[in-house]
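The values are calculated or read from the model by the stated rules, or taken from the named source; none is laboratory data. Since the structure is predicted, the reported quantities are computational estimates derived from the model, not experimental observations. Cβ placement follows ideal geometry from the backbone for every residue including glycine, while neighbour counts extend to all protein chains displayed. Heads up: the accessible areas ignore ligands, DNA and RNA and are worked out on the full protein's heavy atoms, side chains in. Shrake-Rupley method; radii C 1.70, N 1.55, O 1.52, S 1.80 Å.
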Amino acid sequence: MTQARPAIAVAGLRKRYGTGETAMDALKGVDLTVQPGEVIGLIGPSGSGKSTLLKCLGAVTEPSAGRIDLDGETVYENGWRNRDPRALRRDRIGFVFQAPYLIPFLDVTDNVALPLLLAGWSKREARQRARELLTALDVAQRAHVAITQLSGGEQQRVAIARALANQPPIILADEPTAPLDSERALAVVRILNRMAQQYRTAIIVVTHDEKIIPTFKRLYHIRDGRTYEDAGAGRELD
Ligand SMILES: Nc1ncnc2c1ncn2[C@@H]1O[C@H](COP(=O)(O)OP(=O)(O)OP(=O)(O)O)[C@@H](O)[C@H]1O
Ligand SMILES: [Mg+2]
């Protein structure tokens, strides 16, 4: 694995919600790196700042201080470098949430094709790419059914296909296996690992899920707004 240019490099990241008496420091100096093709776990108690960190990385929330480099480019350094941080999210980042947030009145294929249509692909090309991804995620046989007819695990795989559609170099997944049983949860993790290898995607998985924690080669703990890398993670792997 190349160590040359991390896909994600975070240094001294801080996030304060509110001001004055009600101010709340959710992130107090987070350091973290993820290489292309790497899937890392991020675990910590409720309220420790996991979702806040993902939201900062995804330009959903503006950090208060520190630095974020994506793919070797500084995108935040005590302020967004780009006037349109939302473009970052569109072009570089796929999100997978705990609830899949699929669009119920579109079928499976069109849910996955949607981000491509929004990016200007033709309908035919977008559907073609959607079908390839659905095949990779073992849900191609469900390509034309309504979202409401899918199981929880199938919905989550469709959501992963959608997050991968425009080949973002980064995927941020917030509790992606929470609604799944252990077999399905492990299947989702295997798929994320395979996608990371195949597309060189850098993936951060926030989780409480004890079943999947041992699958991460690298694991960060977050506690009280600070990250700590787990030196023992991944020992039982390889
Ligand atoms: N929009 C907000 N305004 C004010 N405080 C917030 C806001 N969002 C989060 N917080 C606070 O920041 C802290 C970190 O929240 P965050 O959602 O990042 O935690 P988390 O680790 O994702 O927790 P969980 O495991 O419960 O999802 C919490 O104390 C939370 O109450
Ligand atoms: Mg959260």
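Values for this structure:
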{"quantity": "Identity of the residue in segment 49-66, farther than 16 Å from Arg226 by Cβ and away from ligand 2 (no atom under 16 Å from the Cβ), that ends up modelled with the highest pLDDT", "calculated": "Glu62"}
{"quantity": "Positions within segment 163-185 being open to solvent by less than 10 Å² (accessible area, probe 1.4 Å) and within 16 Å of ligand 1 (Cβ to nearest atom), in sequence order", "calculated": "Leu172, Ala173, Pro176, Thr177"}
{"quantity": "Qualifying positions in segment 7-48 - within 13 Å of ligand 1 (Cβ to nearest atom), open to solvent by less than 40 Å² (accessible area, probe 1.4 Å) and over 16 Å from Arg226 (Cβ atoms)", "calculated": "Ala23"}
{"quantity": "When residues of segment 49-70 are limited to those that are in a loop (DSSP other than H, G, I, E, B) and open to solvent by less than 20 Å² (accessible area, probe 1.4 Å), the one farthest from ligand 1 (Cβ to nearest atom)", "calculated": "Ala59"}
{"quantity": "Identity of the residue in segment 159-205, part of a strand (DSSP E or B) and touching a Pro at 6+ places or on another chain (Cβ under 8 Å), that ends up farthest from Ala136 (Cα to Cα)", "calculated": "Val205"}
{"quantity": "Conditions (1) open to solvent by 10 Å² or more (accessible area, probe 1.4 Å); (2) at pLDDT 90 or above; number of the one not met by Thr201", "calculated": "(1)"}
{"quantity": "Test: residue in segment 177-192 that is at pLDDT below 90, within 16 Å of ligand 2 (Cβ to nearest atom) and of a type in the set (A, V, I, L, M, F, W, C)", "calculated": "yes"}
{"quantity": "Breaking point among (1) more than 21 Å from Ser51 (Cβ to Cβ); (2) free of Cβ contacts under 8 Å to residues at least 60 places away in the same chain, for Arg200", "calculated": "(2)"}
